[in-house]
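The values are calculated or read from the model by the stated rules, or taken from the named source; none is laboratory data. Small disclaimer: the values here were computed from a predicted structure and weren't measured. Ideal geometry is used to build each Cβ from the backbone, glycine not excepted, and the neighbour counts take in all protein chains shown.
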Amino acid sequence: MKKFLIAFLSLVLFVGVVSASDNVVSGTVYKLRDSAVVSGADVTVVCNNNIEKTTSDYDGSYAVFYSAGECSEGDKVKVTAKKGRLYGTTVETMSDFGLEIDLAIADVFVKKVGNEKAKLQLSGFVDDYDQSVFVHLNNYGQKSDATLTVTQLNTGERYEEKLKLKKNDKKLRVFVFESINLIPGENVIELFAQAGGVRARKYISYYN
């Protein structure tokens with residue numbers, strides 16, 4: 001009986017030592033707008049690619065546990081919480097005594113994809129060395145077929161190019177006209193692009 005009691009106490013002590021070595025990431029999830037606690041939020045904690053998930057309690061609190069080998073002092077810990085359209089994330093450093101993170105989450109408005117129109121931005125300049133026309137076309141939307149037209153208004157000389165734009169694509173095109181009027185402001189060049197039903201237009205000149 002005495003041997004059994006000693007063995008049992010040794011087992012309890014061993015379990016206690018293992019638990020003491022765990023690192024806990026805990027905190028409270030609340031709304032950024034009014035600081036109200038958020039219950040039922042999905043909380044994901046990532047440390048060294050070790051992922052722990054939980055749900056915030058009625059008072060917004062949450063907690064996950066890592067063994068010392070999975071997440072130790074000095075490791076980066078990323079915590080994400082979301083509920084419906086509320087979302088928030090932060091990255092902190094694990095301490096020797098665990099980590100407490102109160103995470104504010106805010107409304108996130110998700111844009112519809114697929115039918116989203118392209119958003120175009122045009123810019124350009126005339127090179128002061130060889131008078132080449134540099135045109136930058138940025139697409140801040142979904143992929144789309146595009147047309148880029150560059151016209152020298154004082155001569156009517158024109159270039160047109162068909163493009164295929166990827167999502168968030170950036171294009172650089174260089175055009176050389178037969179003649180460039182180097183009088184500042186008199187050599188006006190029209191840049192025009194259209195893609196996915198959206199148009200963009202800009203005028204540039206030498207010394208622009």
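At a glance:
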{"read-out": "Failed condition for V38, given (1) loosely packed, with under 14 Cβ neighbours inside 10 Å; (2) of a type in the set (V, I, T); (3) modelled with pLDDT of 90 or more", "value": "(1)"}
{"read-out": "Every pair of residues 6+ apart whose Cβ atoms lie under 8 Å, when the first sits in region 60-73 and is in the same structural domain as S26 (by TED's automatic domain parsing) and under 22 Å from Y87 (Cα atoms) while the second is among the hydrophobic types (A, V, I, L, M, F, W, C) and in a loop (DSSP other than H, G, I, E, B)", "value": "G60/V38; G60/A41; Y62/A41"}
{"read-out": "Extreme residue, surrounded by the fewest Cβ atoms within 10 Å (Cβ to Cβ), among residues of region 74-90 that are closer than 15 Å to V24 by Cα and free of Cβ contacts under 8 Å to residues at least 40 places away in the same chain", "value": "G74"}
{"read-out": "Single unsatisfied condition, T28 versus (1) at pLDDT 90 or above; (2) closer than 30 Å to A195 by Cα; (3) of a type in the set (V, I, T)", "value": "(2)"}
{"read-out": "Candidate set: region 129-159, residues that are charged (D, E, K, R) and modelled with pLDDT under 85; chosen: the one farthest from A200 (Cα to Cα)", "value": "D130"}
{"read-out": "Exclusive hit being among the charged types (D, E, K, R), at pLDDT 90 or above and more than 30 Å from G60 (Cα to Cα), set K162, K171, K167", "value": "K162"}
